[in-house]
Structures are given as structure tokens and as C-alpha cells.
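Here is the structure we will look at.
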Amino acid sequence: MIKLFKNLEKKDFIIILFVALLVVFSVFLDLRLPEYMSDITRLVQTEDSTMNEILKSGVFMLLCAVSSLVCTIVVGYFTSLLSARFSRSIRKKIFEKVESFGVSEIKKFSTASLITRTTNDVTQIEMLLAMGLQLLIKAPIMAIWALLKIIGKSGELSLVTAIGVVIIVVTNMIIIKIVSPRFARIQKLTDKINGVARENITGIRVVHAFNAEEFEEDRFNDVNSELTNIHLTITKTFALMDPIMNFVMHFQHLGIYIVGAYLILHSGMIEKINVFSNMVVFSSYGMQVIISFLMLTMIFMVLPRARVSAERINEVLESDISVISGSFNGKTEETGTVEFQNVSFKYPDADEYLLKNINFKVNKGETVAFIGSTGSGKSTLINLIPRLYDVSEGKVLVDGVNVKDYDLHELNNRIGYVPQKAVMFTGSVSDNVSYGDNGRGMIQFSKVKKAIEIAQAKDFVENMDKKYDAHIARGGTNVSGGQKQRLSIARAIARDPEIYIFDDSFSALDYQTDAKLRKELKNYTKDATSLIVAQRIGTIMNADKIIVLDKGECVGIGTHKELLKSCEVYKEIALSQLNEEELENA
């Protein structure tokens, strides 16, 4: 938790120091009240005292109470301000950290867990900071100061107060030991319940289609019941604090007056006034001590869960990044080239290589396609270019420079990437197509329209309400799969990059739309390099070069006709989709 609070800024520490001084002053004022009460008690019992003296002590007592109230209000304001600012800063750091994650880091944390860590866990820290600055500073100072005020005045009355303190301390220790392990479980179950709910909502159409409502309800109820039971256990445990505190408070009051009465009975006339005055002081200061431990109890209720949340947040913030940005962002001798030199790749936790000794070069303006059976490594191979993963061995060069040497922004600005799964963001059609700035600022609307036209999306976009300003729901749930894919392609076209990467991006299109799109795309991107991963022979047969992968190895490179003669794997794939006559006429 201390690591997390290192994120506080210099001005935040100034606020903390100011708050601490105000808290100390407030405690001083609170502890002056019993002394004025003792003075009033003594004056009332003294024959030669005057009403002015009594009123004077009463006025000072009132001023202390009002001043303490003002200090508490000011402290509350600044602690709320500080805790809100701190939680905003931590949420921002978590978001920025997650933004820097590569695919391998994302897999370490579930989406539901990252959402919980950014929201619920940060809220726990915010609560601790808001309460802690007030109570964690005030409680021990008040308890120690109050005890120092009464120590030495009466051994018997001090013993009564000490017994009450010991009972409270032991009770707190037992309760914290019971609940602490359960708080870690609560946060994990919160992740799980968020995950189940999110998965159910995302796949609601499949749930309905397979009549799986009861199954999903059972999944949710299992997690929800476990979370509820742990909450009930913690709540019942903390519920013991209230009766125990009340018992200690009443026991202390009763004990002080019983012991005080005994001392008065066995004291001389002069000593009786001092003993009675001490009773009033001990009763008041004893109450202050109990209140102090009540404050600490409130902190102890929040602290274990906040500690778990802090560990979970630090786990994200301290995660090592596998893909480290380089520094190169200058001009290159080559343009639009991609080269693989003896590239091999395996996933971080895997024992076997997925790609083995891949070598090829793509020149500017060429269209190169990748084909192979499912699991042959096609998507993984092209994902090495924008550094979604880094190679295990060998080099990937873009424009003659190792991709590891590039500043990541510079590398991404050279590439137009269309992923296998089309991703749509909440906003308009134009917002989604002009997404990002490609290092040159916002893309012009004229380019957006042109990109949509080339991607064969113009007809359906102009038939939508508000046309190019039509709303796209999160994930593109209000458009079809083919429409999402075309908008995703338009997004890459609008950037005018040097290199286009299409990761099986034509699979949801019908053959006619696919053919039109590729024809328009070839004319528009004739000076750019295109890398296409596809399953359809019809999509890639006109490529300048086709690279055939089988079990992670390159088993053929050439044109469509060359590979039909020289590569048995390619021929088998082609014959599984087209007959020999169609292949000969292609």
C-alpha cells in the first residue's frame, strides 16, 4: 500500500501536512473541554467562587467546541478533495498502463478483473484515504494524549480505564484476524461476478438461442451466493463491535463512579472535592479514549480490504511490458517494404515454436497473401509486424529497420491494420472510420467518404439514419458482421499508410462484394504494400506473391499458377474450394 501512496504529488503532501496540523489542533481543543468541565465542577463546589468565573470557563468551553467543529469541517473538505484527486490519478495510471500492454500482458488479466481494479479497487483506496487522514491521525493522538492527561492523577481510576482499553484492543485484533483473509476473496469474487455478468450480456443472443437462461442464472447465483455469504460473515463479525464497545463504555463509566465513590468515602473533606473532580475528568477522558478506539475500529474495517485492493492495483501498475518501444522515428532508405529474416516464434508459456525459420521480403507496391490450414500461424506471423508480439528469434524489418528499433507510434503510423475480428467503437460512422490521427491530426471528412466508398460500404451507410453521422453502438452490435468488416477496412484505407495488413478481413463478405472491394482497393493502393491473410483462394489468387504456411513453416512461395505446380499443400487447399476446370481458367 505504501508503494501506491508514492503516487501522491508534492502538493498532496502539503495538504496532508496541513490536515495533520488541523487534526492535532482539533484534538487539543477536544481535550481542553474536560479541563474546563473540571474547573466548572470545582468552582460550583467552592463557596467563594463567582458566577463570572463559571461563565468565563463556560465561554472558553464553547469556543473550543465551535473551533473544533470548524477544524473538522475544513479537514473533511481537504481530505475529500485529496482522496478524489488521488483516485482520479490512480485510475488514469491504470488506464495508461493497460494501454501500454501487449497481447501477452492482456492475457494475464481478465477484462472483468481490469474493470474491477480500475473502479471498485480504486474506490476502496479512496475510502481509506478519506477516512484515514481524519481518523488514523486523530485516533492515536487523541488516545495517547488523553491517557497522558489522566496518568498519575489516580492509580485506581487509571486501572479501570486501562482494563477497558485492553478489552477493545484484544477484540479488534481477533476480529481483524478473522476478516482479513476474506477480503482478498471478496475482490476475486467481484472480478468473477463481473466476468459472468459481462459474458452473459455479450452473448445474450446465443443464450436465448440455446435456451440457456437457467444455466446462466445458476452460474451467476453460484458466484453471487458465495460473495453474499462472505459479506454476511464479515458483517456479522463486525457487528460484534457495537455491543462490545457499548459494554466497555458503560463498564468504564460505572467502574469510574464505583471506584470514585469508594475513594470519596475514604477521603478527607478537602480531598473529596479533588476526587470528585478527578471522577469527572476520568469519565470525560475515558470517553475520549473509547471514541479513539472506535475511530480505529472504523479504519480496521476498511484497511484490510483497501490493502488487498492496493496489492491488486500494484499488480497492474508493476506488470512488466514485453513490447518495449524503441526510439527510431526518422526517415528510412526504403519505403513500404517488409522483410522476415530467419524468424521463429513461440508464445511466452509455450514449449514448441509456432513459427519456424520464416524468410521472405515484400517490396513496395506488392500484394502478398498468406494461406494455410487453420493453426498454421498465418495471423501470428503478420501480428509480428505491428509488434502485437515480438519474435523469439530472427528479425522483422519494416522499411529496412528492425521493428524493435521503431518508436511504436512511428511504426503504427506506417501501417494500416485490419484485425481478424472487426472492432467498432461507440460513436458515429465517421468517428469509427477516422479513428486515430496517424500522426497527422484528424482525418478529413472527404477521405472518410472516399474510404467508405472503396470499402463498398457507401450504399448501406447512406441508407442509415443520419448517414455518415449514424450511431454505431459499442462493439458494432447494430450493424451486421459484413458491415463491420467493411467499416474496419475503410478505417485502414482512410489512413493512407505505406503498408496494409488484412488479417482474414474479407471472410464476412460475399464473393461479389469481395471482388469489387479488392478491385477498388488495388487501384487505390497501387503504391502501397498489401499483406493479406485469407482462407479463400478466390481472394488471393491474383496476388503478386502467395506464401503458403503449414505447421508454422513456409512450404511454398510464388504466384497462384506457380504454386499449383510446385506446392502440394497449396494445391490441396485450392482443390478443396474450386474444381480443376475453375483453377485452370483462373
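Residue selection: residue 504 fails the criterion of being more than 24 Å from residue 398 (Cβ to Cβ), in contact with a helix residue (DSSP H, G or I) (Cβ under 8 Å, 6 or more places away or on another chain) and surrounded by fewer than 22 Cβ atoms within 10 Å (Cβ to Cβ).
For the stretch 495-507, the condition holds for at least one residue, the condition being that it is in a strand (DSSP E or B), over 20 Å from residue 375 (Cβ atoms) and in contact (Cβ under 8 Å) with a residue 60 or more places away in the chain.
The C-beta contact set for the stretch 560-571 (first residue closer than 14 Å to residue 368 by Cα, second residue small (Gly, Ala, Ser) and assigned to a loop (DSSP other than H, G, I, E, B), distance under 8 angstrom, 6+ apart or interchain) comprises 560/543; 560/586. In the condition set (1) surrounded by 15 or more Cβ atoms within 10 Å (Cβ to Cβ); (2) on the phi > 0 side of the Ramachandran plot; (3) not charged (D, E, K, R), residue 224 is compliant with all but (2). Counting only residues that are in contact (Cβ under 8 Å) with a residue 12 or more places away in the chain and assigned to a helix (DSSP H, G or I), which one in the stretch 460-476 is farthest from the chain's Cα centre (by Cα)? Selected residue: 460.
Residues are listed down the side, and each one gets a yes or a no for (1) more than 19 Å from residue 504 (Cα to Cα); (2) small (Gly, Ala, Ser); (3) at pLDDT below 80:
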residue: 534; (1), (2), (3): no, yes, no
residue: 544; (1), (2), (3): no, no, no
residue: 551; (1), (2), (3): no, no, no
residue: 555; (1), (2), (3): yes, no, no
residue: 572; (1), (2), (3): yes, no, no
residue: 582; (1), (2), (3): yes, no, yes
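Output yes when any residue across the stretch 533-555 is assigned to a helix (DSSP H, G or I), surrounded by 23 or more Cβ atoms within 10 Å (Cβ to Cβ) and out of contact with any Ser or Thr (no Cβ under 9 Å at 6 or more places or on another chain), and no when none is. Looking through the stretch 533-555, none of the residues is assigned to a helix (DSSP H, G or I), surrounded by 23 or more Cβ atoms within 10 Å (Cβ to Cβ) and out of contact with any Ser or Thr (no Cβ under 9 Å at 6 or more places or on another chain). Please work out if residue 90 is in contact (Cβ under 8 Å) with a residue 40 or more places away in the chain and farther than 25 Å from residue 347 by Cα. When the stated conditions are applied, residue 90 passes them. Here the stretch 171-208 is the region considered, the condition is being within 17 Å of residue 221 (Cα to Cα) and touching a Ser or Thr at 6+ places or on another chain (Cβ under 6 Å), and the residue that is surrounded by the most Cβ atoms within 10 Å (Cβ to Cβ) is 191.
Checking 146, 139 one by one, the residue that is in contact (Cβ under 8 Å) with a residue 24 or more places away in the chain, farther than 27 Å from residue 261 by Cβ and touching a Leu at 6+ places or on another chain (Cβ under 8 Å) is 139 and no other.
Filtering the stretch 398-431 to residues that are of a type in the set (Asp, Glu), outside any helix (DSSP H, G or I) and more than 27 Å from the chain's Cα centre (by Cα) leaves only 399. In the stretch 510-532, the qualifying residues are those that are outside any loop (DSSP other than H, G, I, E, B) and among the charged types (D, E, K, R), and the one that is surrounded by the most Cβ atoms within 10 Å (Cβ to Cβ) is 518.
Scan the stretch 477-491 and tell me whether some residue there is more than 32 Å from the chain's Cα centre (by Cα), outside any strand (DSSP E or B), basic (Lys, Arg) and more than 19 Å from residue 338 (Cβ to Cβ). No, every residue in the stretch 477-491 fails to be more than 32 Å from the chain's Cα centre (by Cα), outside any strand (DSSP E or B), basic (Lys, Arg) and more than 19 Å from residue 338 (Cβ to Cβ).
Of all residues in the stretch 353-388, count the ones that are part of a loop (DSSP other than H, G, I, E, B) and either at pLDDT 85 or above or touching a Gly at 6+ places or on another chain (Cβ under 8 Å) (or both). Qualifying residue count for the region: 13.
Scan the stretch 163-172 and give yes if some residue there is within 18 Å of the chain's Cα centre (by Cα) and polar (S, T, N, Q), otherwise no. For the stretch 163-172, residues within 18 Å of the chain's Cα centre (by Cα) and polar (S, T, N, Q): absent. The residue of the stretch 477-488 that is surrounded by the most Cβ atoms within 10 Å (Cβ to Cβ), among those that are in contact with a helix residue (DSSP H, G or I) (Cβ under 7 Å, 6 or more places away or on another chain) and touching a residue at least 60 places away in the same chain (Cβ under 8 Å), is 487. Pairs linking a residue in the stretch 281-308 that is under 16 Å from residue 171 (Cβ atoms) to a residue that is of a type in the set (Ser, Thr, Tyr), with Cβ atoms under 6 Å and 6 or more positions apart or on different chains, are 304/180.
Once the stretch 93-148 is narrowed to residues that are crowded, with 19+ Cβ neighbours inside 10 Å and among the acidic types (Asp, Glu), the residue that is nearest to residue 8 (Cα to Cα) is 126. Cβ-Cβ distances below 9 Å connect no pair with a first residue in the stretch 238-252 that is at pLDDT below 80, a second residue that is surrounded by 17 or more Cβ atoms within 10 Å (Cβ to Cβ) and of a type in the set (Asp, Glu), and a separation of six or more residues or different chains. Condition test on residue 113, is it of a type in the set (S, T, N, Q), modelled with pLDDT under 85 and touching an Asp or Glu at 6+ places or on another chain (Cβ under 9 Å)? Criteria met by residue 113. Only residues that are closer than 13 Å to residue 406 by Cβ, touching a residue at least 24 places away in the same chain (Cβ under 8 Å) and not β-branched (Val, Ile, Thr) were counted across the stretch 322-359, and they come to 5. The set of residues from the stretch 78-121 being assigned to a loop (DSSP other than H, G, I, E, B) and farther than 17 Å from residue 321 by Cβ comprises 110, 119. Of all residues in the stretch 436-475, those that are modelled with pLDDT under 80 and either closer than 19 Å to residue 507 by Cα or in contact with a helix residue (DSSP H, G or I) (Cβ under 7 Å, 6 or more places away or on another chain) (or both) total 4.
The values are calculated or read from the model by the stated rules, or taken from the named source; none is laboratory data. In this text, all values refer to a predicted model and were calculated from it rather than measured experimentally. A quick note on method: Cβ atoms are made from the backbone with ideal geometry, for glycine too, and the neighbour counts reach across all protein chains shown.
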